[in-house]
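Student: Sharing a structure with you now.
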Amino acid sequence: MSDTHPLRENSFGQSEPPAGEVFTAISCGDLHTCALRPDGTPVCWGKGFPDTP
């Protein structure tokens with residue numbers, strides 16, 4: 001049986017943060033995730049961000 005629960009979706013890498021990063025805050029959307037680095041700069045990953053479909 002396939003697990004297709006929407007909260008376990010990772011088609012666009014939204015559940016996989018960039019390697020080696022440290023974050024002070026994080027916010028998750030349906031198809032992307034954004035976070036703040038300790039210096040206050042934001043970083044996002046998932047659908048619609050660099051290196052994603």
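Derivation of every value follows stated rules applied to the coordinates shown; laboratory data play no part. None of the values given here were measured: they were computed from a predicted structure. No Cβ is skipped: glycine too gets one built from the backbone with ideal geometry, and neighbour counts run over all protein chains shown.
Student: Could you give the length gained by full extension between Val22 and Arg37, i.e. 0.36 nm per residue of separation minus their alpha carbon distance, to one decimal place?
Tutor: 4.8 nm
Student: Sorting check: for 38-47, 20-29, which peptide has the highest mean count of neighbouring beta carbons within 10 Å, and how do the rest follow?
Tutor: Highest-to-lowest ranking by the protection proxy: 38-47, 20-29.
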